[in-house]
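Okay, so here's the structure we're looking at.
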2 protein chains.
Amino acid sequence: MDHWSSLSMGKNVLMERRERADAARNRQAILRAAEELLRRHPPEQVSVERVASAAGVGKGTVFHRFGSRTGLMLELMTERARELEQAVTEGPPPLGPGAGPAERLVAFFAAVAALAARNGNLMAAHEHAMVTRKSAAEQPREANPIYLFWHRHVSELIAERRPDVDAGQIAHMLLGTLHMEPVASQLRAGQYEGLAASFAAIVRGLMGEE
Amino acid sequence: MDHWSSLSMGKNVLMERRERADAARNRQAILRAAEELLRRHPPEQVSVERVASAAGVGKGTVFHRFGSRTGLMLELMTERARELEQAVTEGPPPLGPGAGPAERLVAFFAAVAALAARNGNLMAAHEHAMVTRKSAAEQPREANPIYLFWHRHVSELIAERRPDVDAGQIAHMLLGTLHMEPVASQLRAGQYEGLAASFAAIVRGLMGEE
């Protein structure tokens, strides 16, 4: 390899690195812009155009990074859910391992309620995206990987204290309440403390004292 | 009044009575036929034509008695709910007055689950009818008089034992689970024993021992 081609390769590597860094920066800027818009507007008003403009990128960049508006919405929700999953599996107690199952379950529902309130419009957009992608019957909420993780976590904690009940069914019932009116509209309005307290009352009763 | 006109009036009264009796019979026959069809078919397949044919009346009679298919569906659901309301307000314990609030609440959710399973397709048809009548946003489930009664009953029983919690919100959460998948699909399949047991576990925990 002569001096010139090695220099040119070095330039290419540098350019590729810069492009990858630009791509990562754009990706984060787009996600943050979408999150911010969804906090303040109903999901149907958050178009790719608006997100692109708020992120300071072209509309084509959004499509290039996320494939579609649906892809962007799914990615946002997945990122938030991944953070919660990490906190549950390896974070500090009471959300993470180390606390008793009742306190972990109380902490989990408080975290889910807070996430839902922070991303209330995002959850609606996410569900809309799932439904748009496939019909609701083909792609039920219970088949969503985020939901599957939440459901498994809640079921396991319930079963630990209450081997006498159908923990899987009760987990579905409790998680389902997040999507029901008037709870869902409270979450869309950013209110979650009251919901977390109601979950705590139900969970502490079901799980008994520790 | 001479003999002839009094005789003719007597004939009219008899004819009117017979017509009213026929109307009541038709009404019952139509409601029973609709209920039977909804037990075996998805609501969208239960047309006024099918109901009329199963009830042995003309299509026009159904429209005359109920105004529309929507009117028929609402009337069916209302009739079932009225029976439950009566059992709750003046029937024997534990559903009616006389038992403690925890046992009454367990009995109520068991009755609601059984009603929902018996009329699973009817509930779906009812909701569809409500949505068709007005948009879902204009006519939310919480504004439905049946829901209002159920919610008030559940709230009052919870508040009796747990003045420290938001009984109204927990009542919304518990009642909402009936409409969530996969609970709703169990009910459509006529299964309610498991759901009643899960409600009992949640309610007994929340309400404490009596």
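The values are calculated or read from the model by the stated rules, or taken from the named source; none is laboratory data. From a predicted model like this one, the values you see are computed outputs, not experimental measurements. Please note: Cβ atoms are built from the backbone with ideal geometry, for glycine as well, and neighbour counts cover all protein chains shown. These area figures cover heavy atoms from the full protein model, side chains too; ligands, DNA and RNA do not enter into them. Shrake-Rupley method; radii C 1.70, N 1.55, O 1.52, S 1.80 Å.
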*Can you list, shortest first and in nm, the gaps between the label point of B:Glu193 and those of its counterparts in the other copies, using a point 7 Å from Cα in the C-beta direction?*
4.6
*Accessible area lost on pairing B with A, both sides, 1.4 Å probe, Å² to nearest 100?*
2100 Å²
*Can you list, shortest first and in nm, the gaps between the label point of A:Met15 and those of its counterparts in the other copies, using a point 7 Å from Cα in the C-beta direction?*
9.8
*Between A:His41 and B:Ala143, take the C-beta separation as r, use R0 = 35 Å, and let me know the FRET efficiency to the nearest 0.05.*
0.85
_Give me the 1.4 Å probe accessible area per residue for segment A:1-67, excluding ligands and nucleic acids, in Å²._
68 Å²
*Rg/Rh (Cα only; Kirkwood hydrodynamic radius) as it applies to segment A:1-67*: 1.26
*In whole Å, what is the distance between the alpha-carbon centres of segment A:34-63 and segment B:156-187?*
37 Å
*Which whole-Hz couplings ³J(HN,Hα) result when phi for each residue of segment B:67-84 is put into the Karplus expression 6.51 cos²θ - 1.76 cosθ + 1.60, θ = phi - 60°, listed in order with x for Gly and Pro?*
x, 6, 4, 4, x, 5, 4, 4, 5, 4, 5, 4, 4, 4, 5, 5, 4, 5
*Work out how much length B:Arg18 to B:His64 would gain on full extension: take 0.36 nm times their residue separation and subtract the Cα-Cα distance, in nm to one decimal.*
14.8 nm
*When N is the residue count of segment B:1-120, what does its C-alpha Rg come to as a fraction of 2.2 N^0.38 Å?*
1.49
